[in-house]
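Readers should treat all values here as calculations from the given coordinates under stated rules, not as data from a laboratory. All values derive from a computational prediction rather than experimental measurement. Glycine also receives a Cβ, built like all others from the backbone with ideal geometry; neighbour counts cover every protein chain displayed.
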Amino acid sequence: MFPVLTNFYARWRVECGVVALLHEDRDSPPEHLLQSIWQHQRLLRDRLKTLDGLPVRVFHPGFQSLEGGPDFRGAIVQIGNRPPCTGDVEVDLRPGGWHAHGHDRNPAFANVILHVIWEGDHTANGAPPTLPLQQTLDAPLGELSFWLGGEAAQVFPEQTRGKCCVPLRGMELERLVVLLHEAAQVRLQSKAAQFQARARQAGWEQSLWEGLFRALGYKHNAWPMQRLAELRPFWSVRRDGKLALQARFFGLCGLLPVELTRSQSATDAYLKQVWDHWWRERDEFSDYVLPRALWHLHGLRPANHPQRRVALASLWALGGNIAGKLERWCGLDLPQATLESSLLETLQVEPDDFWSWHCTFRSARLKKLQPLLGPARATDLAVNVVLPWLWSRAAEGRNDTVRRSLERRYFSWSAAEDNAVLRLARQRLLGGAPRRVLTSAAAQQGLIQIVRDFCDRSNALCENCNLPALAGTWCSVGKPKT
Ligand code: SF4
C-alpha cells in the first residue's frame, strides 16, 4: 500500500529529504534509489529488455560495492541467448553517464557486463548492453521512494544471503568464534609460510621489509610497494639523510609531482628541496623508476594516499634495523593492551616537518599534527605481517614457547577497523551480525579466510560451495576430530 503523508512525521521525512516525493510522469529517481531498486530487484523481472531489445534474466543482482568502481560486483545475468555470465553492473540515470562519468576510460569498469539506467533510447558508444528500468518497476516510483526511506531498503536482501547463513546464524556465538579462530589459525600459518618461502630466497630481514611495505600499500598498491622494498639495495644515501632518502623513494616510485602548487608556499618549498636531490640522481636510477600508472590513486582516503605511505616507508628505512626492534618487542612480557600500544610505539616514526602535516604533496596543511602511523594500521601490520613473520621464525627455530606466546597475542589482539570484505561477509554469511560479534582481529581474519576459501571459489549463487554442509554437520555433531 502506498504510504501517504498522513501525519506530521511522514511530512518530516519528505521535508528533511529522508525520502523524495516523486511523480511518475515527470521525475527521474535519484541514482541511489535506482541502485536500491536494482539491489532489491523491485522489478517486473520477466519483462527486462536491453535497449537493443534482448531479454535480460537476472540470476543475481550482485553485491553493492561502496569502494568506488562499479556499483555492483559479481552479478550473474543472461542476455538474449548467450550463456549466463558473471560480472559487474553499473547504475546511471542515462546512457550518457557511461562517458560523462569516465567509466569508458577507467580500467576498474572493464568487467561491467550490464549498464543499468533509468531511461534512454540508445546504448552509449562502447558501453556494455544497457537495461532501462523506467517501464519495469514493480510499484509506482513514488511508492518505491517511500520504501527506500524505510528500513526495508537498508537491510541486505534476504534472498542474496549465502547458503551458509542458516547454519552459521544458528550456531552459538562461542562455537562460531571457535570456527573463526580455526580459520584464523590457518591464515596465520599460511602468511607465515609465505614469509618463510621468501626468506629462503632473500633472507629474513628482506622478507620482513617486503611484508611491511606491501601492507602499507593496502590492497590496491601492494605491488608497487613490494617493488619499492625489492629496491632496498638503493636505499642508502651519502648525505643529507632524511630529505635525500625521501627524494630517492619518491623518485623511484614515480610519485614526484612535476609542477608546483603555486598556491601553497610551504608545500612548494618542500617539493623544490626534494627535486633538488632527485634531479641529480634520476638518470642513475632511471631504469628502476616505477611507472606512475602502476599506482592506484583514486577513491582512497587522503590519509591512505600512497605518497604519505611512501613517506612513512622512507622514515622506516632511515631508522633501519626494524627486524631487531620487532624481535625486542617479541621478547617483552607485558599485558596484551600494553603490548599493542608498545608495537605502535616500536613502528612509529618521529614527526616529519612536512608529512606529519600533509596527506599528499598537494593537499592543504592539516589543522593538527597527524602521526604517520595510527593504531588501526598498526593492528593491520600486527596480524598480517609482524606476528606471522615472528611466528614463522619461531617455528623454524623450533621455539615452541615463543610460538605459543605469539599465538596468544594473535588470538587476543583487538579487532581491526571494519572494511568492505568484512561488512559484506557479516551480511552474507552471518545474516547481518553486528560488528561486535567479531570482537578480535583473529575472528575478523578467520572470516576473511572463509571468504577467500569458499566465496572466492564459488559465485553469488553459492554454487558448489561446501561450507553450508560442513557448517551444518559441525553444528549438529560437534567439532570434527582432526
Ligand atoms: S559461497 Fe559459500 S561461504 Fe560464501 S556465502 Fe555462499 S555458501 Fe557461504
(request) Note the angle between two axes, namely the Cα long axis of helix 467-477 and the longest principal axis of the Cα atoms of the chain, as a number of degrees from 0 to 90, rounded to the nearest 10. (result) 80
(message) Net charge within 11 Å of Phe213 by Cβ-Cβ distance, Lys/Arg positive one each and Asp/Glu negative one each, not counting Phe213 itself?
(response) +2
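Distance check, please: which entries in Lys272/Lys325; Lys191/Lys219; Lys242/Lys368 exceed 24 angstrom between their Cα atoms?
Lys272/Lys325
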(request) Express in nm, to one decimal, how much length is gained between Asp287 and Glu327 on full extension, taking 0.36 nm for each residue of separation and deducting their alpha carbon distance. (result) 10.9 nm
(message) Give me the Å³ per residue figure for the convex hull around the C-alpha atoms of the chain.
(response) 210
(request) Go through segment 190-199 residue by residue and turn each phi into a ³J(HN,Hα) via Karplus (6.51, -1.76, 1.60, θ = phi - 60°); whole Hz please, and just put x for glycine and proline. (result) 5, 5, 4, 5, 5, 5, 5, 4, 5, 4
(message) Give me a comma-separated list of calculated 3J(HN,Hα) values for segment 244-254, in order, Karplus coefficients 6.51, -1.76, 1.60 applied at θ = phi - 60°, integers in Hz, x for any Gly or Pro.
(response) 5, 6, 4, 4, 4, 4, 5, x, 4, 6, x
(message) If you average 1/r across every pair of different Cα atoms in segment 186-412 and take the reciprocal, what Kirkwood value do you get, in Å?
(response) 18.5
(message) Only four residue types carry charge here, +1 at the Cβ of Lys and Arg and -1 at the Cβ of Asp and Glu. Report the dipole size of the chain about the Cα centre in Debye, rounded to the nearest 20.
(response) 1240
(message) Could you tell me which residue out of Thr379, Ala317, Gln196 lies farthest along the dipole of segment 186-412 toward its positive end? Charges go on the beta carbon: Lys and Arg +1, Asp and Glu -1, centred on the Cα centre.
(response) Thr379
(request) Would you mind putting 450-458, 184-192, 326-334 in packing order, based on average other-beta-carbon counts within 10 Å, highest first? (result) 184-192, 450-458, 326-334
(message) Please compute the length gained on full extension between Asn125 and Gln194, using 0.36 nm multiplied by the number of residues separating them and subtracting their Cα-Cα distance.
(response) 20.3 nm
(request) Can you tell me the dipole magnitude for segment 325-482 around its Cα centre, using point charges on the Cβ only (Lys, Arg +1; Asp, Glu -1), in Debye to the nearest 20? (result) 340
(request) Give me the net charge of Ala395's neighbourhood, meaning all other residues with Cβ under 13 Å from the Cβ of Ala395; Lys, Arg count +1, Asp, Glu -1. (result) +2
(request) Starting with the highest mean, order 404-413, 120-129 by the number of other Cβ atoms within 10 Å, averaged over the residues of each peptide. (result) 404-413, 120-129
(message) I want to check the label-to-label distance for Glu174 and Ser342. Put each point 7 Å from Cα in the C-beta direction and report it in nm to one decimal.
(response) 3.2
(message) To the nearest 20 Debye, how big is the dipole of segment 200-299 about its Cα centre, given +1 on the beta carbon of each Lys and Arg and -1 on that of each Asp and Glu?
(response) 180
(request) May I ask you to evaluate 6.51 cos²θ - 1.76 cosθ + 1.60, the Karplus curve with θ = phi - 60°, for each residue of segment 396-404 and list the ³J(HN,Hα) values in order in whole Hz, giving x for glycine and proline? (result) 5, x, 6, 9, 5, 4, 5, 4, 5
(request) Grab the Cα-Cα distance for Ala376 and Leu334, subtract it from 0.36 nm times how many residues apart they are, and report the gain in nm with one decimal. (result) 13.1 nm
(message) With n ≥ 4 as the cut-off for DSSP H runs, can you work out [θ] at 222 nm for the chain, using -39500 (n - 2.57) per run divided by the number of residues, rounded to the nearest 500?
(response) -14000 deg cm²/dmol
(request) Select from Ser28, Pro128, Leu470 the residue farthest towards the positive end of the dipole of the chain; place +1 on Cβ of Lys and Arg, -1 on Cβ of Asp and Glu, and compute about the Cα centre. (result) Leu470
